[in-house]
Amino acid sequence: MAQLKSVAFKEGEVPQAREPLAVQEPLPEGSGRSFPPVSVPACQTLIDVRNGEASFAHVFQHFNWKENIMGGGSTLASYEDGQAEQRFAELKRSLDTCRRYEGEGYVGPFEATVTTQASPEYGEEAVTFREIVPMGPENGGDRNEQFVVVRTGNTIATFSELSIGKDLFFPPEVITRQVERLRNAQRP
């Protein structure tokens, strides 16, 4: 985790984000709130990979954007040799079949629709998708979260951008810089 923390962004490195840019480790197993698996197993795999589950180590970083109060985040996950490729292949298979699922979150039950988008040019492999949860016009529109998931060597980085009622995107230049750091950290 120390190595992942060292390649995460530091104070002042992301001008469009409000400070502080704290890097968080996952809560010890069993200490956080847990939720039952979602209704579609392929969608649970998608969620697990984007959250860094089954990784050797992973860290989170939250971004409070100056232009989007909802914010975004990144998960940097490190895997043993070959496991990142395997997990990324599982993610891609999940995206082939996961279109809709039901689950439970911090505010209760929800239904989500998953839509894939054009694959970006990051790292060795990358996918982009959105998860949309209907919230109704009385709540400002649908909960709309974009995910860009990138594999670079033995790491998988997930970038998310949350918005209500609109399609916002995680800043591509921030993704490029983070992926480059992950690549450089793995060079012998």
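Apolar share of the accessible surface for region 1-73: 56 percent from carbon plus sulfur atoms, 1.4 Å probe.
Size descriptor for region 1-84, Kirkwood hydrodynamic radius: 14.5 Å (Cα pairs only, one decimal).
The alpha-carbon of Lys10 sits under 20 angstrom from the alpha-carbons of these aspartates and glutamates, leaving out residues fewer than 8 places away in its chain: Glu19, Glu25, Glu67, Glu161, Glu173, Glu180. With Cα atoms defining each centre, region 123-138 and region 1-67 are spaced 16 Å apart in the structure. Ranked by the mean number of other Cβ atoms within 10 Å of their residues, highest first, the peptides 170-182, 11-23, 43-55 fall in the order 43-55, 170-182, 11-23.
Per residue, the accessible area of the chain comes to 53 Å², computed with a 1.4 Å probe over protein heavy atoms only. Out of (i) 80, 47, 35; (ii) 51, 37, 35; (iii) 54, 50, 33, which label holds the value of Cα extents along the principal axes in Å that was computed here? Step by step, Cα extents along the principal axes in Å for this structure corresponds to label (ii).
The values are calculated or read from the model by the stated rules, or taken from the named source; none is laboratory data. Computed from a predicted model, the values in this text were never measured in an experiment. FYI the Cβ positions are ideal-geometry reconstructions off the backbone, even for glycines, and counts take in every protein chain you see. Heads up: the accessible areas ignore ligands, DNA and RNA and are worked out on the full protein's heavy atoms, side chains in. Shrake-Rupley method; radii C 1.70, N 1.55, O 1.52, S 1.80 Å.
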